[in-house]
Amino acid sequence: MKQSVKLDGLGLASFEDAIGAASKVCKHFDREFEAGQLEQWTVQRSSNENPVIDIASRIFVPVADLKATEPHIPFSNSINPFNIGANAEANGFRHTEDNAVEYTEMKMPDKGKIR
């Protein structure tokens, strides 16, 4: 099971510049790994043909893929108020620190200053 989000720059030149820079970074890292070791990254496009960044994270990892000492991290009530997935470990899956996602929010007061 995965959770994901797509970031769309809505055609802004600065976002396209950032995509170009990210592509260069990927090419740089690709030279540091043996062939086939690094997953290739390609720019995705929105329905309006704007470049987007597609970000995904697994919510659970098969226990067989983990070290025995890697602990299960319970979901907080604010993220999982209905306790969905509580039996995941009994079914062979574990939610670990690497799977945890933190949610943040930026608020703009009336005067337009970020706080």
**OP:** Please report how many Lys pairs in the chain have alpha carbons closer than 22 angstrom, counting only residues at least 8 apart along the chain or sitting on separate chains.
**Re:** 4
Subject >> Cα-projected label distance for ILE84 with TRP41, points at 7 Å along beta-carbon direction, nm >> reply: 2.9 nm
**OP:** Identify which of GLY11, GLY20, GLY36 has the largest mean-square fluctuation in a Gaussian network model of the chain, with springs joining Cα atoms closer than 10 Å.
**Re:** GLY36
Original post:
What percent do you get for the relative contact order of the chain when only Cα pairs under 8 Å and 6+ apart count?
Top reply: 27 percent
**OP:** Find how much the distance from LYS67 to ASN91 grows on full extension, using 0.36 nm per residue of separation minus their present alpha carbon separation; answer in nm with one decimal.
**Re:** 7.0 nm
Subject >> Helix 13-30 vs. the chain, principal-axis angle (Cα, 0 to 90°, nearest 10) >> reply: 60 degrees
Original post:
Along the Cα-to-Cβ line of LYS24, 7 Å from the Cα, sits a label point; which residues in the range 31-58 have backbone N less than 16 Å from it?
Top reply: 31
Subject >> Selection of GluC sites (Glu not before Pro), the range 1-77, meeting DSSP coil and at most 10 other Cβ within 10 Å >> reply: GLU32, GLU34, GLU39, GLU49
Original post:
Can you tell which of ALA35, ALA100, ALA90 shows the greatest fluctuation in a Gaussian network model of the chain with Cα springs below 10 Å?
Top reply: ALA35
Original post:
If you line up the Cα atoms of the chain on their principal axes, what length do they span on each, largest first, in Å?
Top reply: 51, 48, 27
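Bear in mind these aren't lab numbers, they're just calculated from the coordinates by the rules spelled out. Note that the structure is a prediction, hence the values are computed from the model and not measured. Cβ atoms come from the backbone with ideal geometry, glycine included; neighbour counts cover every protein chain shown.
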